[in-house]
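Q: The structure is given below, and queries will be raised subsequently.
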Amino acid sequence: MSVYIIPVFILGIFVYAIWHGVNTYDSFVEGARSAIKLIVGILPFLAAILVAVQLFAASGLLDLLSLLARPIFDLVGIPHELTPFIMIKPFSGGGSVALFEQIVIEHGPDSYITRVAGIVAGSSETIFYISAVYFSKTKIKNLGAAIPIALLCTFLAAVLGALVVRWMM
Amino acid sequence: MGMSIIFAAMMVASITMLIFSAPSSVLGISLDAAASGVQLAITLSAIYIFWMGIVQIAVDSGLVQRLARLMRPVIRWLFGEQREDVNDLLATNISANMIGAGGAATPAAIDAIEKMAEPEQRRASNAMVMLFVLSATSMQLLPTTVIGILDKHNSTNSGWIIWPTFLVSTVTTLLGVLIVKYLGRKRA
């Protein structure tokens, strides 16, 4: 089922557009052109955030943070095998996919640990990437409570995920 | 909380630690990271070129505007009264996120925030925080990446994850929305 959604969606757009007499070629090229401008605009922000995140990981501070978070995670019922994965999730999209795959290999694709991790992966985004990129065309630097709220929701996804999987399996 | 503070704090703390543990690695790691930024930008440019092309077709055919009209009550409740063009972008962002087309969602969000911002605005408005939190909690109908990885490793029932993920992401999204609303009311 799920494999059909995107192709059917794209086909639907084309059929609707052709029906309404749109020159799809010109439109596509126009949209693609604005993508180039967008990318040039966000590249410096991407580079900055990746430098900070990779230095942070290499310095051992991310591991230290995981170690400090572990008692809290234990307390709310998040399996401690998931601590590194949950800690890296807000920082790095690629890193969290790699860690998720490692969890699948280590614990099996249908295990409790994998399922909780899968739920966390599916219900939260790479928060620091979003915060770098979303405001890239403005002068806004103060995001108010946005990041803490987003982090809280990721944490909650893990707590709820652990509960729901235990309950459903 | 500001990005400038987070960036500065991460840089100072990390480099301080590395000076004691592996001083010779600092420059190499930084340059590798900058290179992965360039790499990521190239990957993203391909994704954005495709999706922004598709979205432009949907805009020019009037499909996006129709979707935005349908979603207006929800958008108004979440973001307050917004201009027509901002409404269209918000509708694009939310619907693209729901079907897991992040490549169409992110550019729409960037444009929406640019259009909502005043020229000298320094602090994110309630509507921008709302958009940020909605994207971060990513309410998804289908976690395609996760299912893909599970299938790759021979899961016997990869679809099992769909309902619990939907349930959990709905709850966390709702909670995020309510917190933003509550804080917004306090600020106003």
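What follows is calculated from the coordinates using simple rules that are stated; it is not laboratory data. Everything numeric in this text was worked out from a predicted model, so none of it was measured. Cβ coordinates were reconstructed from backbone atoms using ideal geometry, including for glycine residues, and neighbour counts include every protein chain displayed.
Q: For the stretch B:112-188, what does the relative contact order come out to in percent, with C-alpha contacts under 8 Å and a separation of six or more?
A: Across the stretch B:112-188, relative contact order equals 41 percent.
Q: How high is the relative contact order of chain B, in percent, with contacts defined as C-alpha pairs under 8 Å that are six or more residues apart?
A: 16 percent
Q: Another one. Whole-Hz Karplus ³J(HN,Hα) for the stretch B:138-155, in order, using 6.51 cos²θ - 1.76 cosθ + 1.60 and θ = phi - 60°, x for Gly and Pro?
A: For the stretch B:138-155, the Karplus curve yields 5, 5, 10, 6, 9, x, 5, 4, 4, 4, x, 5, 4, 5, 4, 9, 6, 5 Hz.
Q: With θ taken as phi - 60° and the coefficients 6.51, -1.76 and 1.60, list the Karplus ³J(HN,Hα) couplings across the stretch A:87-93 in order, rounded to whole Hz; mark glycine and proline as x.
A: 5, 7, 3, x, 8, 9, x
Q: Residue by residue through the stretch A:35-51, which ³J(HN,Hα) values in whole Hz follow from phi under the Karplus form 6.51 cos²θ - 1.76 cosθ + 1.60 (θ = phi - 60°), with glycine and proline marked x?
A: Those phi angles translate into 5, 4, 4, 4, 5, 4, x, 8, 3, x, 5, 4, 4, 4, 5, 5, 4 Hz.
Q: Another question, if that's okay. How big is the gap, in Å, between the Cα center of the stretch A:30-65 and the Cα center of the stretch B:31-89?
A: Result: 19 Å between the Cα centres.
Q: If the elastic network links every pair of Cα atoms under 10 Å, which of A:155, A:85, A:56 fluctuates the most in the Gaussian network model of chain A?
A: Looking only at A:155, A:85, A:56, the largest GNM fluctuation is found for A:56.
Q: Kindly give Rg over Rh for the stretch A:1-112, based on alpha-carbon atoms, with the Kirkwood expression for the hydrodynamic radius.
A: Across the stretch A:1-112, the Cα-based Rg/Rh ratio is 1.17.
Q: With the dipole of chain A worked out from charges on the C-beta (+1 for Lys and Arg, -1 for Asp and Glu) around the Cα centre, which of A:6, A:40, A:99 lies farthest toward the positive end?
A: Result: A:40, furthest along the dipole toward the positive end.
Q: Say R0 is 45 Å: what FRET efficiency, to the nearest 0.05, do residue A:67 and residue B:141 get from their beta-carbon distance?
A: Efficiency computed from Cβ-Cβ geometry: 0.80.
Q: At each listed q (0.06, 0.13 Å⁻¹), what is the log10 of I(q)/I(0) that the Debye formula gives for the protein assembly as shown modelled as equal alpha-carbon point scatterers?
A: -0.22, -1.09
Q: As an exercise, use a Förster radius of 56 Å and the Cβ-Cβ distance of residue B:9 and residue A:8 to find the FRET efficiency, rounded to the nearest 0.05.
A: About 0.75, to the nearest 0.05.
Q: How high is the FRET efficiency from residue A:33 to residue A:168, r the C-beta distance, R0 51 Å, rounded to 0.05?
A: 0.60
Q: Out of every Cα pair in the stretch B:74-188, what percent are spaced more than 19 Å from each other?
A: I get 52 percent for the Cα pairs in the stretch B:74-188 exceeding 19 Å.
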